[in-house]
1. Say each of residue A:266 and residue A:3 gets a label point 7 Å from the Cα, pointing the same way as Cα to Cβ; how far apart are those two points in nm?
2. If each residue's Cβ is checked for other Cβ atoms within 10 Å, how do B:69, A:96 rank with the fewest at the top?
3. Semi-axes of region A:122-210's equivalent ellipsoid from the Cα gyration tensor, sqrt of 5 times each eigenvalue, largest first, rounded to whole Å?
4. So for region B:128-214, averaging the separation of alpha carbon pairs under 8 Å that are six or more residues apart and normalising by length, what relative contact order in percent results?
5. For the pair residue A:96 and residue B:243, what calculated FRET efficiency results from E = 1/(1 + (r/R0)^6), where r is the Cβ-Cβ distance and R0 = 41 Å, to the nearest 0.05?
6. Please compute, for the alpha-carbon atoms of chain B, the extent along each of the three principal axes and give them in descending order in Å.
7. Inverting the mean 1/r over all pairs of different Cα atoms, compute the Kirkwood radius of region B:32-161 and quote it in Å.
8. Between residue A:55 and residue A:89, 0.36 nm times their residue separation minus their Cα-Cα distance comes to what?
């Protein structure tokens, strides 16, 4: 896919995110929107997957360790053809398979149930280790939040991944700098994130996580990195794409009301139209 | 009297893993720096490539096992009960229980029979914790033979299983040709008509000893081995309680949330019966030789005998 196609796809995914969260009247738009470009690149360019065969044995796997941004993952999976985009409107509704946090038992394309912060990276490490032991070529991706890495288990997992030289593992830290209680630097700073992962034996790449040139280059570099896992520290904008949500901690876990939803969709529509004129 | 063979069930765990590991290539064992104590060192020696030492990081080990299970492995996580069920409770619940992954938890050093290490390492709460997780099977074997059978049954069962093993060598009591292990099926070891003693783990042997002594007092006790706390054998619990009309539970675990609670839940719904729960009361353990502690907390044959006698009178 060209960058332009990726951008158009990401705009559709952002519409899906906002629509799902609006319909649920709850959920986490901020971090879903910041990671939307990474989701897009992974599922439309990087990963070896088959939406018609979600459990394909040798597929690449993704663990959404920051599971609260399920709307981002679901909108991407729907856009990729795992299930109807229309179903996004059932997010968090009683009886819907689209649970508030990823549920591998009921959602096609979800490789691991997640949501309790700090746990997903360990699971991704287990998948990567299994791949090494079985001599499989599949790769494993884990997306964590920058607030999430305050959890100690992340560093247990990082230590193990570095120790075992799991070069089939890529950790993407969605570094949007905000968590529920405010800026991560005010709450309990995890910086320097890159140096921490380096110290744990990772190859580290710092990028602008809302720029497809940089995202593409980073995943290429990760793929060529041997003998150590890769950590991509992706600087992103929380709420990216919706003017009033950008860089606002308040939009971490809040749904837009009808009026806000209309404005958000209009902004995304205009962004999409602008892309079409490129 | 001939010398009774004694083996710690943690030892049975290690041996069973080797045995099954020879047949099943997808069995892997994970440890958190306790391979010597959990007896998975035996497996490590035999299958070094299928033994993964995660270091002192139980939460991570639990997650790694979950990830490996999604790729076709059947991981056995091994550490002390305190850390398997206690430290990693939420990882077990959310990363294994909720997605119902095929991970087995081999928890050794359960209960006060840990001995000298004392209260910090004596987990009397694990059955209660694990029983709460939907879909989790909880097994507390009574001796070497049952422990080995339980490990195999756990391997064959599709879904999470919590296996509880002890540090102390305990008498082999199931050494007979009719012995058969089935998850969720209690075993009547001695029939009786005056009182039922439902026992689990190392208390099964004590319950049998107590029943022998009770005979001398004219009390005919039925002894039932409940090796599977969840799913509990409701039918057998109701049947035996209805027959004897008096029920005692005996476990090396807190009286809150373990076998006693599980039996009380069944009976209060289906056949209300007067009950006495023998176990660790609502207290922490302490340091001391295991045998002395078991006696001090009234969980040996003599302790069970005294309590049952007082209860039946």
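Bear in mind these aren't lab numbers, they're just calculated from the coordinates by the rules spelled out. The structure displayed is predicted, hence computed values, not measured ones. Because the Cβ atoms are built from the backbone with ideal geometry, glycine has one as well, and the counts that use them run over all protein chains shown.
1. Label at residue A:266, label at residue A:3, 3.0 nm between them.
2. Least crowded to most crowded, the residues run A:96, B:69.
3. Taking √(5λ) for each eigenvalue gives 25, 12, 12 Å, largest first.
4. Result for region B:128-214 is 34 percent.
5. In this case the efficiency is close to 0.25.
6. 57, 40, 40
7. Answer for region B:32-161: a Kirkwood hydrodynamic radius of 14.8 Å.
8. 9.8 nm
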